[in-house]
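Have a look at the structure below before the remarks.
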Amino acid sequence: MMWARLMVGVGGSGLGLRASRDGLLRVAGAGCTGKKQQQQRQASSAEAALKKTPLFDFHRDQGGKMVDFAGWSMPVQYKDSHIVSHMHTREHCSIFDVSHMLQTKVHGKDRVKFMESLVVADIEDLKDNQGTLTLFTTQKGGIIDDLIVTKTDQGYLYVVSNAGCSDKDTAHMKDRLAEFKGAGFDVDLEFLDEALIALQGPSMSRVLQEGLKEDLSKLTFMTSTLATVFGIPGCRVTRCGYTGEDGVEISVPQSRVVELTEKLLANSEVKLAGLGARDSLRLEAGLCLYGNDIDETTTPVEATLVWTIGKRRRQNKDFPGADIIVPQIKAKTARKRVGLVSTGPPVRQHTPILSPDGKVIGEVTSGCPSPCLKKNIAMGYVDAAFAKNGTAIQVEVRKKAVPATVSKMPFVPTNYYSG
């Protein structure tokens with residue numbers, strides 16, 4: 001099934017993607033031969049301008065349909081349909097190329113103080129090789145980006161943030177770095193050039209264990225280790241992901257990422273998966289996509305991400321935007337991010353959310369048909385009075401009001417490994 005226009009995300013900004021049958025970006029519209037040739041040249045030029053991961057040629061060789069995602073040429077799907085790929089990940093395991101994401105090391109004895117000046121998490125309280133999802137926030141309480149920070153036992157913090165925000169995040173960290181260095185603090189940034197792949201699904205552990213000396217049963221959710229993986233040294237393996245399934249992200253030298261991917265694919269349990277499956281998987285898991293579900297106009301409280309704010313950080317109010325965010329925790333907010341389920345036509349981003357009497361009470365931020373549940377799922381923001389699970393509401397699809405219900409998230413139970 002070709003999803004010619006599909007909202008997708010890999011922890012980056014939400015983009016409308018158009019995949020053509022030959023895997024290139026398609027310029028809409030047809031006309032005389034001259035116009036077609038001009039459009040083909042424009043499409044070719046546009047593709048050439050996109051950044052490419054170290055797996056780009058491999059994707060094309062494997063039948064990947066390449067699209068523009070956050071300025072990168074990325075596979076939206078392969079030969080399998082989106083639904084087949086989605087279900088394979090839920091039942092077996094899949095490889096996702098996430099090399100476009102920003103990987104950073106934070107060095108120096110003041111590295112924790114530096115990172116805590118930018119994010120809401122309690123980094124100091126993390127154990128060695130433990131990570132956490134956290135947020136860059138503005139002084140006004142908005143979310144600049146979501147990211148994972150791992151406190152390694154190697155004397156640095158390992159940070160992974162979103163591709164669509166890489167330029168913004170880099171500038172944000174560099175600006176704060178200049179302030180810290182100017183004040184005499186010992187801290188430095190190293191932006192990595194490694195590839196990054198995610199292996200996600202219930203059979204991940206069995207597949208990966210074949211290539212590891214380390215016992216994967218001791219690597220629990222949101223912990224990380226350095227390891228030799230299928231004979232490739234210097235890999236960082238972190239048990240996390242964006243699908244709701246048990247999984248890992250593996251940071252690997254660019255020169256050997258094709259080799260690692262081929263070795264994983266040698267196991268019949270493993271297939272390649274693209275952005276389309278990644279987006280529907282993360283939505284079933286109730287995970288936010290930056291640029292769709294959270295941005296600088298949403299606070300962590302509105303987005304129901306209060307759990308990312310460390311207890312000590314709340315008490316000390318020592319993170320950007322704390323004077324706005326912390327009072328919201330007790331006072332509540334006028335709107336709240338919720339899950340929605342419906343039947344009938346699919347619900348997409350920007351769909352109006354209506355009260356039972358037809359008043360606009362919010363807007364959908366992400367939505368798609370759920371391959372697992374066989375019904376439509378979505379998330380969005382509604383007036384707080386309508387945020388309780390089980391509340392009957394409506395969504396406006398093609399100018400018609402369609403019944404929907406506020407639902408708890410995740411829509412599909414998650415399978416993170418806790419030991």
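The values are calculated or read from the model by the stated rules, or taken from the named source; none is laboratory data. Computed from a predicted model, the values in this text were never measured in an experiment. Please note: Cβ atoms are built from the backbone with ideal geometry, for glycine as well, and neighbour counts cover all protein chains shown. Ligands, DNA and RNA are excluded from the accessible area calculation, which covers all protein heavy atoms including side chains. Shrake-Rupley method; radii C 1.70, N 1.55, O 1.52, S 1.80 Å.
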The local net charge around residue 230, scoring Lys/Arg +1 and Asp/Glu -1 for residues other than residue 230 whose Cβ lies under 9 Å from its Cβ, equals -1
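Which value, in Å², gives the accessible area per residue of the chain when a 1.4 Å probe is used on the protein heavy atoms?
Using a 1.4 Å probe on heavy atoms only, each residue of the chain averages 43 Å².
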Just the number, please: carbon plus sulfur as a percent of the accessible area of the range 348-412, 1.4 Å probe, no ligands or DNA/RNA counted. 54 percent
Charge tally in the Cβ shell below 14 Å around residue 255, where Lys, Arg are +1 and Asp, Glu are -1, residue 255 excluded: -4
Just from its helices, what would the mean residue ellipticity at 222 nm be for the chain, if runs of 4 or more DSSP H residues each count -39500 (n - 2.57) and the sum is divided by every residue, rounded to the nearest 500 deg cm²/dmol? -6500 deg cm²/dmol
If contacts are Cα pairs under 8 angstrom and at least 6 residues apart, what is the relative contact order of the range 334-412 in percent? 38 percent
State the Cα centre-to-centre distance between the range 80-144 and the range 302-331 in whole Å. 19 Å
How high is the FRET efficiency between residue 185 and residue 357 when r is their beta carbon distance and R₀ equals 60 Å, given to the nearest 0.05? 0.60
Just flag the trypsin sites (Lys or Arg not before Pro) in the range 329-419 sitting in loop per DSSP whose Cβ has no more than 15 other Cβ atoms within 10 Å. 332, 359, 374, 375, 388, 398, 399, 408
Would you kindly state how much longer the chain becomes between residue 343 and residue 296 on full extension, computed as 0.36 nm times their sequence separation minus their alpha carbon distance, in nm to one decimal? 13.8 nm
Dipole of the range 142-215, Cα-centred, from +1 at each Lys and Arg C-beta and -1 at each Asp and Glu C-beta, to the nearest 20 debye? 120 debye
As an exercise, identify the GluC sites (Glu not before Pro) in the range 228-323 lying in DSSP coil whose Cβ has no more than 16 other Cβ atoms within 10 Å. 296
Cα gyration tensor, the chain - rounded (a/c under 1.5), prolate or oblate: rounded
Among rounded, prolate and oblate, which fits the range 231-290 when a ≥ b ≥ c are the square roots of the eigenvalues of its C-alpha gyration tensor, a/c under 1.5 means rounded, and a/b larger than b/c means prolate? prolate
Let's see if you can work this out: charge +1 on each Lys and Arg Cβ, -1 on each Asp and Glu Cβ, no other charges. What is the dipole magnitude of the chain about its Cα centre, in debye to the nearest 20? 1340 debye
The range 102-192: C-alpha gyration tensor shape, a/c 1.5 cut-off, then a/b vs b/c: rounded
To the nearest 20 Debye, how big is the dipole of the range 334-412 about its Cα centre, given +1 on the beta carbon of each Lys and Arg and -1 on that of each Asp and Glu? 140 debye
Considering the dipole of the chain built from charges on the beta carbon (Lys and Arg +1, Asp and Glu -1) around the Cα centre, which of 243, 410, 135 is farthest to its positive end? 410
Counting only protein heavy atoms and using a 1.4 Å probe, what share of the accessible area of the range 222-327 belongs to carbon plus sulfur, as a whole percent? 52 percent
Find which of 360, 118, 289 sits farthest along the positive direction of the dipole of the chain, computed with +1 on the beta-carbon of Lys and Arg, -1 on that of Asp and Glu, about the Cα centre. 360
